There are 4 protein chains.
Amino acid sequence: MSDPYAPRPADKFSFGLWTVGNRGRDPFGDFVREPLAPADAVAMLAEVGAWGVNLHDNDLVPIDATPAERDRIVKTFADACRRHKIVVPMATVNLFYDPVFRDGAFTANDPAVRAYAVQKTLRAMDLGAELGATIFVLWGGREGTETDACRRPDEAIKRLREAVNYLCEYSIDRKYGFRFALEAKPNEPRGDIYMATTGAYLGFIATLDHPEIVGVNPEVAHEQMAGLNFLHAVAQAWEAGKLFHIDLNDQVPGRYDQDFRFGSANVKSAFWLVKFLEDVGYEGPRHFDAHAYRTEDACGVKEFARGCMRTYLILRDRAKRWNADAEIQALVADERSAQALAERDELLATVFDRVALARKGLAYERLDQLTMEVLLGVR
Amino acid sequence: MSDPYAPRPADKFSFGLWTVGNRGRDPFGDFVREPLAPADAVAMLAEVGAWGVNLHDNDLVPIDATPAERDRIVKTFADACRRHKIVVPMATVNLFYDPVFRDGAFTANDPAVRAYAVQKTLRAMDLGAELGATIFVLWGGREGTETDACRRPDEAIKRLREAVNYLCEYSIDRKYGFRFALEAKPNEPRGDIYMATTGAYLGFIATLDHPEIVGVNPEVAHEQMAGLNFLHAVAQAWEAGKLFHIDLNDQVPGRYDQDFRFGSANVKSAFWLVKFLEDVGYEGPRHFDAHAYRTEDACGVKEFARGCMRTYLILRDRAKRWNADAEIQALVADERSAQALAERDELLATVFDRVALARKGLAYERLDQLTMEVLLGVR
Amino acid sequence: MSDPYAPRPADKFSFGLWTVGNRGRDPFGDFVREPLAPADAVAMLAEVGAWGVNLHDNDLVPIDATPAERDRIVKTFADACRRHKIVVPMATVNLFYDPVFRDGAFTANDPAVRAYAVQKTLRAMDLGAELGATIFVLWGGREGTETDACRRPDEAIKRLREAVNYLCEYSIDRKYGFRFALEAKPNEPRGDIYMATTGAYLGFIATLDHPEIVGVNPEVAHEQMAGLNFLHAVAQAWEAGKLFHIDLNDQVPGRYDQDFRFGSANVKSAFWLVKFLEDVGYEGPRHFDAHAYRTEDACGVKEFARGCMRTYLILRDRAKRWNADAEIQALVADERSAQALAERDELLATVFDRVALARKGLAYERLDQLTMEVLLGVR
Amino acid sequence: MSDPYAPRPADKFSFGLWTVGNRGRDPFGDFVREPLAPADAVAMLAEVGAWGVNLHDNDLVPIDATPAERDRIVKTFADACRRHKIVVPMATVNLFYDPVFRDGAFTANDPAVRAYAVQKTLRAMDLGAELGATIFVLWGGREGTETDACRRPDEAIKRLREAVNYLCEYSIDRKYGFRFALEAKPNEPRGDIYMATTGAYLGFIATLDHPEIVGVNPEVAHEQMAGLNFLHAVAQAWEAGKLFHIDLNDQVPGRYDQDFRFGSANVKSAFWLVKFLEDVGYEGPRHFDAHAYRTEDACGVKEFARGCMRTYLILRDRAKRWNADAEIQALVADERSAQALAERDELLATVFDRVALARKGLAYERLDQLTMEVLLGVR
């Protein structure tokens, strides 16, 4: 009898090289794990049942590599992917690690830094395209401030727009066909990061030259850091046709960026999220942007990766049960009214019995308790 | 010698009837102040030097008033405004107090509640137009959930869009000329409110039928509840031409909605905000959506109102000093580079000295310390 | 076959009159439910299988009742408790609702308010003793500030100490035998409440005249509002012999006080909590200090109460499974080392192989994933 | 004319080697500054006007140094301190950086790690004593969990107690005369850290063998991360005679540990803090546990250090003005009532006019506004 929670390629589970390769350094402590060579990461991902691997340019190619080194490294990696049947659905660019970006990349005050950041991104797009990626994520981790004395925030937005427009042109001209997915975060590593929420990016996209190829990459931890309801952000992106990618992990609100194993901090939120993605038919990658605890060795990292996928699949199963539960469905029946508003004269003339409308119990306590019982496996 | 921090009409300071009329009820305690009649509120606002008064429909007209009562009440109020030279720049609608809205208004599951909410808003628009308001604020305080079992969040967005489009048509057809200002809030009174941030509304507006007449009404406390940088939200709205109104107050992050006197919780953030509004030439109302502590009597409410305006004016003065400070201006000089990106071939061919670019100290500690000293009045 | 998750008296589940009687008023909205007479609340609690009912003085006796009214009301209530076999394990005093307490009760600046607060508490102790309560909870909801200008915080602590010492003397002299349980909260309804955490009260208790009869009443929501790990607070109280009572509910961190149904917001934290209480053999009441959503009628309130208890029992069952799971127990085996430190000369002479000690993987990812699978019912 | 805000030795300003020596590494980026040799740090601190320098063992002596290397390094450092007239008021131990502590130090599951942590601390105490420190700080940065599966939290407390008792005995036996100052933090680098707040440590101290030599070291950022009022924590510690040391910096609530320049994030809170320390006559070090932005070079670090002290002195001046302001003093006059409670029979017999007591306006809005105006330098 097969394991109902074993991952399959059709599940489209992907991990970043930086996630399984995370070495456990933090602000107060040193590395706890040895480096994991990209090809070994690919082998490990294949072993645990993942479908794809994603990368920043410098996860694979050192920032100072010569063109020849770069080509050799890329070939080795592409071979490993082929051999292990692992795809590269998404690529991105590291505009945060090197000290040159300490004041931002696309929004830095120094025009040379801005130019360098764009150049580096163009080359990361070349790399992504070469590896077959069709989604290009942009996370502006350093685009922010510790003091708003340093620049006017509207100026930062203009710089950001100029850069994103530039990248879009490049993708179009080179026929890379990328869909850009912008990833918001409220703070850390900067005191405040511009475009703090997925919503902010949805507003920004509407002001771009090529909005049709730009969407968002919401991350669980990034919205939850600010205590926001992640599902609501994802739903807005989806409804606007902008859910181009998603970063799955977990996070306790109001804290440092934790990047915990998917579902391990707030499993009820994770349940609603999985249910939504499955109900609407989201077909993109399920990318886990998380990393193992610092207490783990290589074996623990593998367990961590397995756990992310397994929890997703358990929750998918729970979502099916929820949808199939007769009592639940009876309770939600009248929530589904898509009845449109009457035309104006009729609406203005209607007399509503406000008190009667207010009297009806909505049975949401019962509905939520049934949800908990489905989730906990007692229904 | 005149007081440099005394408010004048040109400052466009406004208060809501619900702010100076707040009676100090909270989840754990009863009213502490007597009701304040709207005309008395207007007189008090005139006395302290305010320019405008704003209102929800039911701040003025009880929800069950007959048309005749309504007309009489409105006339009394309009007379008071005229007599005291107080304008009504903004009107809004109360879609949260009555139990009929316990499950939302425009997004409620019951289509009759949705219809009633729209009808109530149309009438509030009539009222606002009658009083001369040109801005109509929509705060969907009950549009949210305690459990996401109750409805799909994308369905809620569709309902919200239908309603806002409906209202826009009405304003256009009736030639009311309203500019709608949508006000975000992450939570409270609902567990989670849809459209949690100003950014979310900027994204939503782009999907409306009449985006040109819809903007936002960011509120200090609402962004800061989620620990977000309010200035950044305001700047994004401004840069997109969508800053139609603003709600000034104060709030400690990560807490219940406090609505404190402007500048009293985080005066540095308030300073950046005032500086931004003045630097960009924002010409809309400076609306204080705050209320006095529960420890205050009517006299304390007056002091509260005076304090809001006075702190704004002190900060405006500080912003001028900042702009005139030679050392500060020398430090920010190179932040102002608007140098555009080179065209692509040139940019791709440029060789950047990454290490040299990373070496330069940016003197932001000095700049921020100078800012603090301007703020604290020692420069 | 009996329901394994049906409550029994031995489970010691209690509710406050104010919880099932909560009428759904909030800062932005009016009552949504009719008042629930205390005797009816008792009947309802009996019907759903609760064991006890708790009360503030004014949940039962109006603040202005005459002695005769008071006696009649108490008699009716005590009769109802007897008839329905519901005990009154805990009593408390309302020092927050009436405007007289707007600046605090025991810590108010006005000595007459402080005296009145103590007098009111003595009478609430009389009431509690009469009803058989042995635990007296003190929640100082108004003991705090919106501005620290109003008093020196060390002065507030002295006032608080004087009051608690006074109450202890009264309980001792009257032979009431109360164990006082102090309940911390960081904020709301005050901007900041003194004694913000359970830990603060543990420190305070050590400075009292009768520390042996004073412990704490930690509340899930109150610690979680500040994003703190509730289990850790409970464990410290337990280890110090100070866990005299506990308030169970749920809360998303960094928000207004939500008082959600137990386990409905963060079920994993709730799991660790139930497991701890059961593992250590906590024998006090399991008190649910929560209330139903505002969308509910009386029937929904009943479902809410049932859900609190049912989730507790499901989690208790999960805790048993966790303790019985062989793989989990193998993983936690070496966590149980109680090996004491060597005596000093031996310890100073020991040579540790730091690098070897750092190398071992601790398998906490696996352990936590197994926990999730027990919780979700797939093991 | 001398600078009124220039630091003097009597101000007792100290910095940690790790603060001015911070190299700007963060979770997403690499070092931005060169290492600063301890002797150079001392010279720099002398130049900017500091009084003291504090250190972790490994800030000075590498973890793998031989005894001979250690002695040479310590001598060089002590010479530099003498030469520059910089004292070493406090020492501490690094129990968080090395991977051996990835699961905790005193509370780790591996008894060998616990023993090594104690041994390392004893040696750090030797070092501190040799350098003349009289305060020994313990920050258990790794004493915590990412999953509560890993150990029972009450077991962790027992382990912590055993270790602290052990250290106290050592200090007593060696006649080091240390006063231990325990430093709380809610999270980061661990998911949750045990002893999350200063209050928790105050409760813990009461359970130790030698409570008289153990106090606390509250840190602004650590309480504010959890959104707690830092002043209240400090006041409780002071009132209990337990304020043995203090860490000054700044932090926006609900975020990663920011360690900003003192007063730069929430200057009003900083004002109340300085006012309290000065009003009560706190005579310990004013230690700045902060670091410069990552955008700074060595010159910026110097400005950062100067800014910390200068802001403290500006706020001290503002506190004096507040105390000398006649209108403010008139408003706070009746807040100072230390009137004790009447004896019991009298108190029980008193008839209070609750309604009259509730009617009086307390003028806290005015008082707080005056505070803001003193702070902003317009009074």
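The values are calculated or read from the model by the stated rules, or taken from the named source; none is laboratory data. On a predicted model such as this, the values are computed, not experimentally measured, just so you know. So basically every Cβ, Gly included, is an ideal-geometry build from the backbone, and we count neighbours across all protein chains shown. Side chains included, ligands, DNA and RNA excluded: accessible areas come from the protein's heavy atoms. Shrake-Rupley method; radii C 1.70, N 1.55, O 1.52, S 1.80 Å.
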* Asked: Taking square-rooted eigenvalues a ≥ b ≥ c of the alpha carbon gyration tensor, is the range B:300-375 rounded, prolate or oblate, where a/c under 1.5 means rounded and, failing that, a/b exceeding b/c means prolate?
  -> prolate
* Structure fact -> Asserting the computed 222 nm helical MRE of chain C (DSSP H runs at least 4 long, -39500 (n - 2.57) per run, divided by residue count, to nearest 500) equals -14000 deg cm²/dmol
* Asked: Hey, what do the phi angles of the range C:25-35 turn into as Karplus ³J(HN,Hα) couplings, whole Hz, using 6.51/-1.76/1.60 and θ = phi - 60°, x for Gly and Pro?
  -> 6, 9, x, 10, x, 8, 3, 10, 10, 5, x
* Asked: How much of C:LYS360 can a 1.4 Å solvent probe reach, expressed as accessible area in Å² and rounded to 10?
  -> 110 Å²
* Structure fact -> Given unit charges at Cβ for Lys, Arg (+) and Asp, Glu (-), the dipole magnitude of the range B:232-333 about its Cα centre in debye, nearest 20, is 180 debye
* Structure fact -> With R₀ set to 41 angstrom, the calculated FRET efficiency between the beta-carbons of C:ARG123 and A:GLU343, to the nearest 0.05, is 0.10
* Structure fact -> Given backbone amide H placed at 1.01 Å from N, residues whose amide H is under 5 Å from that of D:GLY144, ignoring those fewer than 5 places away on the same chain, are D:TYR194
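Counting pairs of Cα atoms in the range A:30-148, how many percent are more than 19 Å apart?
Values: 3609 of 7021 pairs.
Cα-Cα pairs in the range A:30-148 separated by more than 19 Å: 51 percent.
Suppose every K and R has +1 on its Cβ and every D and E has -1 on its Cβ; what is the size of the dipole of chain C about the Cα centre, in Debye to the nearest 20?
The dipole of chain C has a size of about 560 debye.
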* Average the reciprocal distances over every distinct pair of alpha-carbons in the range C:92-246, invert the result, and give the Kirkwood radius in Å. => 15.5 Å
* Shielding of B:54-62 by partners, i.e. mean partner chain Cβ atoms within 10 Å per residue? -> 0
* To do: Leaving ligands, DNA and RNA out of it, report the carbon-plus-sulfur percent of the accessible area of the range B:254-379 at a 1.4 Å probe.
  => 51 percent
* Hey, for D:GLY177 with labels 7 Å out along Cα-Cβ, what do the inter-copy distances come to in nm, ordered shortest first? -> 5.2, 7.8, 8.1
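Would you mind giving the average projected area, over all directions, of the Cα convex hull of the protein assembly as shown in nm² with one decimal?
On the way: hull surface 213.1 nm².
Its average projected convex-hull area is 53.3 nm².
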* To do: Would you mind getting me the FRET efficiency between B:ASP71 and B:ASN165? Use the beta-carbon distance for r and R0 = 45 Å, nearest 0.05.
  => 0.90
* To do: May I ask for the distance between the Cα centers of the range C:215-265 and the range D:253-273, given as a whole number of Å?
  => 27 Å
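How large is the accessible surface per residue of the protein assembly as shown, computed with a 1.4 Å probe and reported in Å² as a whole number?
Numbers: 48280 Å² over 1516 residues.
Averaged over the residues of the protein assembly as shown, the accessible area is 32 Å².
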* To do: Could you name every residue in the range A:311-341 that has 20 Å² or more less accessible surface in the full protein assembly than in its own chain alone (probe 1.4 Å, ligands and nucleic acids excluded)?
  => A:THR311, A:ILE314, A:ARG318, A:GLU335, A:SER337, A:GLN339, A:LEU341
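Highest mean first, how do D:242-251, A:164-173, C:66-75 rank when packing is the count of other Cβ atoms within 10 Å averaged over residues?
Numbers: D:242-251: 25.0, A:164-173: 17.9, C:66-75: 12.3.
Taking the mean over residues of other Cβ atoms within 10 Å, the ranking is D:242-251, A:164-173, C:66-75.
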* To do: If a/c stays under 1.5 just call it rounded; otherwise compare a/b with b/c (prolate if a/b is bigger, oblate if not). Do that for chain A, with a ≥ b ≥ c from the square roots of the Cα gyration tensor eigenvalues.
  => oblate
* Asked: In Å, what is the Rg of the alpha-carbon atoms in the range A:97-171, and how long is Dmax?
  -> 12.9, 42
* Structure fact -> Share of accessible surface on carbon and sulfur in the range D:1-118, whole %, 1.4 Å probe and ligands ignored, is 58 percent
* Structure fact -> Within the protein assembly as shown, the percent of DSSP beta bridges that are antiparallel, given to the nearest 5, stands at 15 percent
* Asked: Smallest Cβ-to-axis distance in chain D, for the rotation taking D to B: which residue, how many Å?
  -> D:GLY377, 1
* Buried accessible area for the C:D pair, summed, 1.4 Å probe, in Å² rounded to 100? -> 7600 Å²
* Structure fact -> Taking a ≥ b ≥ c as the square roots of the eigenvalues of the Cα gyration tensor, with a/c under 1.5 meaning rounded and otherwise prolate when a/b exceeds b/c and oblate if not, the range D:90-129 is prolate
* Report, as an integer, the average count of C-beta atoms from other chains found within 10 Å of each Cβ along D:99-112. => 6
* Expressed as a whole number of Å, what is the distance separating the alpha-carbon centroids of the range A:38-115 and the range C:121-146? -> 62 Å
* To do: Only Lys, Arg, Asp and Glu count, each charged at its Cβ (+1, +1, -1, -1), so figure out the dipole size of the protein assembly as shown about its Cα centre, rounded to 20 debye.
  => 0 debye
* Measure out, as a whole number of angstrom, how far apart the alpha-carbon centroids of the range A:318-355 and the range C:304-365 sit. => 49 Å
* the range B:1-91, Rg to Rh (Cα coordinates; Rh as Kirkwood inverse mean 1/r) -> 1.03
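May I ask which of A:LYS185/D:LYS158; B:LYS275/D:LYS268; A:LYS320/B:LYS242; D:LYS120/D:LYS175 have a Cα-Cα span longer than 30 Å here? List each step's numbers first, then the result.
Values: A:LYS185/D:LYS158 39 Å; B:LYS275/D:LYS268 19 Å; A:LYS320/B:LYS242 42 Å; D:LYS120/D:LYS175 18 Å.
Violating the 30 Å Cα-Cα cut-off are A:LYS185/D:LYS158; A:LYS320/B:LYS242.
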* To do: Work out the mean other chain Cβ neighbour count within 10 Å for the residues of C:159-168 and drop it here as an integer.
  => 2
* Could you pull the copy-to-copy label distances for D:LYS158, with points set 7 Å along Cα to Cβ, in nm to one decimal and sorted shortest first? => 4.1, 5.9, 6.6
* Asked: Shortest first, in nm, what separates the label point of B:PHE352 from those of the same position in the other copies (7 Å along Cα→Cβ)?
  -> 4.4, 5.5, 6.7
* So what does A:ASP297 come to for accessible area, using a 1.4 Å probe and Å² rounded to 10? -> 60 Å²
* To do: With a 1.4 Å probe and every protein chain kept in, tell me what percent of the accessible surface of the range A:192-232 is carbon plus sulfur.
  => 51 percent
* To do: Compute the acute angle (0 to 90°) between the alpha-carbon long axis of helix D:267-280 and the principal axis of greatest extent of the alpha-carbon atoms of chain D; round to the nearest 10°.
  => 90 degrees
